[in-house]
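The values are calculated or read from the model by the stated rules, or taken from the named source; none is laboratory data. All values reported here derive from a predicted model rather than from experimental measurement. Cβ coordinates were reconstructed from backbone atoms using ideal geometry, including for glycine residues, and neighbour counts include every protein chain displayed. Ligands, DNA and RNA are excluded from the accessible area calculation, which covers all protein heavy atoms including side chains. Shrake-Rupley method; radii C 1.70, N 1.55, O 1.52, S 1.80 Å.
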Amino acid sequence: MRNLLSLVTLVTIILLNGCTKKNNDTFSISGKVLNLKENYVVLSIIDDIQNNYSTVIDTLKINKNGEFNSVYFLEPAIYSLNFDDKKTVLLAIDKGQHIVLKGKNIENITIKGSPDTDLLNAYETFRNESLNRLVKSVRNQIKEAQKTASENEITELRELEVENYKKHINELTNFIKDKMGTSIAIYPTSIRWNAEENLLFYKELTTSFEEKYPTIEITKKLKQRFQLLEKTSIGSIISNIKMTDATGTIIELDSVRKKYTLIDFWASWCPPCRTESKLLNELYDNYNSKGFEIYGISLDSKSESWLKAIEKDQRIWPNVSSVEGFKTPISIEFGITALPTNFLIDETGKIIASNIHGKQLKTKIETLFN
């Protein structure tokens, strides 16, 4: 009898331990949102944050009281809930979390039960505040200045916009350092990582994240993003680029590369890019014969707009484009998420500077040649 009781106790302990582990590896989503048109919400997993790819996971049924509830055996990731095909809520979900959403309608949904989602929302709130304060405020100044200001004044404001965007990105990096740790929520922030000043930090962050989550898909994505940063960091070698110009002729970077070459990512719809055309023309006129070249890569999605901009801005250096916008393969390969972006390389293809614009770019080129 004593042996039988011992066996039952052992089996019970095993089952309880199994259930506990199973519960720790799951998460649940429940809630009550009123005044929805549809009787379901759609749950998706974000597969690729940079290219905005996602996969539908499930359709959660909503009862007549606006309530829904489901449990999932899925890995930590960034998920989204879509309500009535109008409102999408991002959720940074770690294992063992029980997310509860409530709202009188889709415009005032509150989320509880996920510290990672709280961090993601805090990051987005700070990002918008920083962008408004540093970048959009300057754009508003430009809009007003265009009525009365001189061309030089507009150019200075455009340069300020680009410099303030760098400050904005650094503020976001500091927010990650101070607030986010190795939360699942850092994955959406990775599209704004840069290698100019923060490469060591992002290396440490990626390593720490992998130690915490060695097998999940997000870890692979973050490692890939860091590898892109390494590839485009100072001292790295840019391999040959092959793209077509406006006539369909393939122009290879290696075939036009000179003593110093500026790889310039731009687009016709990017005002700072268009403003910088004047400076690029000046540098090209002064230093092309001495060994300076520009390899312009347009991220336009309309050929007509690209060609008009080339003609109007007198971009007489090699210009190439696949007219695929940010889905241009070389743009994805280099991790380009904002314009203007540039890389200055020497005759061996080594990056000696990146994302320098306006007066900084002019001073750098003058110093190299004079």
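Against the condition of a type in the set (D, E, K, R), within 17 Å of the chain's Cα centre (by Cα) and exposed (fewer than 14 other Cβ atoms within 10 Å of the Cβ), how does LYS143 come out, does it pass?
Against the criterion (of a type in the set (D, E, K, R), within 17 Å of the chain's Cα centre (by Cα) and exposed (fewer than 14 other Cβ atoms within 10 Å of the Cβ)), LYS143 does not qualify.
In the stretch 97-136, what residues are open to solvent by less than 30 Å² (accessible area, probe 1.4 Å) and either in contact with an Asp or Glu (Cβ under 8 Å, 6 or more places away or on another chain) or among the small types (Gly, Ala, Ser) (or both)?
Across the stretch 97-136, the qualifying residues are GLN97, GLY103, ILE106, SER114, ASP116, SER130, LEU134, VAL135.
For the condition open to solvent by less than 20 Å² (accessible area, probe 1.4 Å) and in contact (Cβ under 8 Å) with a residue 24 or more places away in the chain, what is the one hit in THR232, THR219?
THR232
Report yes if ILE218 is of a type outside the set (Gly, Ala, Ser) and within 20 Å of GLY335 (Cβ to Cβ), otherwise no.
yes
Give me the pairs, please: first residue somewhere in the stretch 281-302 and in contact (Cβ under 8 Å) with a residue 24 or more places away in the chain and on the phi > 0 side of the Ramachandran plot, second residue anywhere and outside any helix (DSSP H, G or I) and of a type outside the set (S, T, N, Q), beta-carbon distance under 7 Å, and either six or more positions apart or on two chains.
Listed by first residue and then by second, the contacts come to GLY291/LYS258; GLY291/LYS259; GLY291/TYR260.
Would a scan of the stretch 210-217 turn up a residue that is closer than 28 Å to ALA92 by Cβ and touching a helix residue (DSSP H, G or I) at 6+ places or on another chain (Cβ under 7 Å)?
Yes, the stretch 210-217 contains a residue that is closer than 28 Å to ALA92 by Cβ and touching a helix residue (DSSP H, G or I) at 6+ places or on another chain (Cβ under 7 Å).
If you scan the stretch 265-318, which residues turn out to be hydrophobic (A, V, I, L, M, F, W, C), surrounded by fewer than 18 Cβ atoms within 10 Å (Cβ to Cβ) and within 29 Å of the chain's Cα centre (by Cα)?
Listed by number, the residues that qualify are TRP269, LEU279, LEU307.
Return only the number of the condition from (1) farther than 26 Å from GLU276 by Cα; (2) aliphatic (A, V, I, L, M); (3) not in a loop (DSSP other than H, G, I, E, B) that LEU134 does not satisfy.
Of (1) farther than 26 Å from GLU276 by Cα; (2) aliphatic (A, V, I, L, M); (3) not in a loop (DSSP other than H, G, I, E, B), only one is false for LEU134: (1).
Just for strands (runs of 3 or more DSSP E) wholly inside the stretch 23-123: which have at least 2 residues that are in contact (Cβ under 8 Å) with a residue 12 or more places away in the chain and under 19 Å from the mean Cα position of the chain (by Cα)? Lay out the reasoning, then the answer.
Working: elements: 27-33, 40-48, 53-61, 67-72, 77-83, 87-93, 98-103, 110-112.
Here the list reads 40-48, 77-83, 87-93.
Considering only the stretch 336-370, how many residues are open to solvent by less than 10 Å² (accessible area, probe 1.4 Å) and either out of contact with any strand residue (DSSP E or B) (no Cβ under 9 Å at 6 or more places or on another chain) or polar (S, T, N, Q) (or both)?
The total comes to 2.
Can you pull out the residues in the stretch 137-164 that are outside any helix (DSSP H, G or I) and more than 22 Å from LYS362 (Cβ to Cβ)?
GLN146, LYS147, THR148 - these are the residues of the stretch 137-164 that are outside any helix (DSSP H, G or I) and more than 22 Å from LYS362 (Cβ to Cβ).
Quick check on LYS221: is it out of contact with any Gly (no Cβ under 6 Å at 6 or more places or on another chain), of a type in the set (D, E, K, R) and closer than 30 Å to VAL138 by Cβ?
no
Can you name the residue in the stretch 48-65 that is surrounded by 16 or more Cβ atoms within 10 Å (Cβ to Cβ) and either hydroxyl-bearing (Ser, Thr, Tyr) or modelled with pLDDT under 95 (or both) and is also farthest from ILE191 (Cα to Cα) among such residues?
Once the filter is applied, the top-ranked residue is SER54.
Quickly run through the stretch 155-166 and pick out the residues that are of a type outside the set (Phe, Trp, Tyr) and within 16 Å of the chain's Cα centre (by Cα).
Kept after step one, since they are of a type outside the set (Phe, Trp, Tyr), are these residues of the stretch 155-166: 155-164, 166.
The answer is LYS166, and nothing else.
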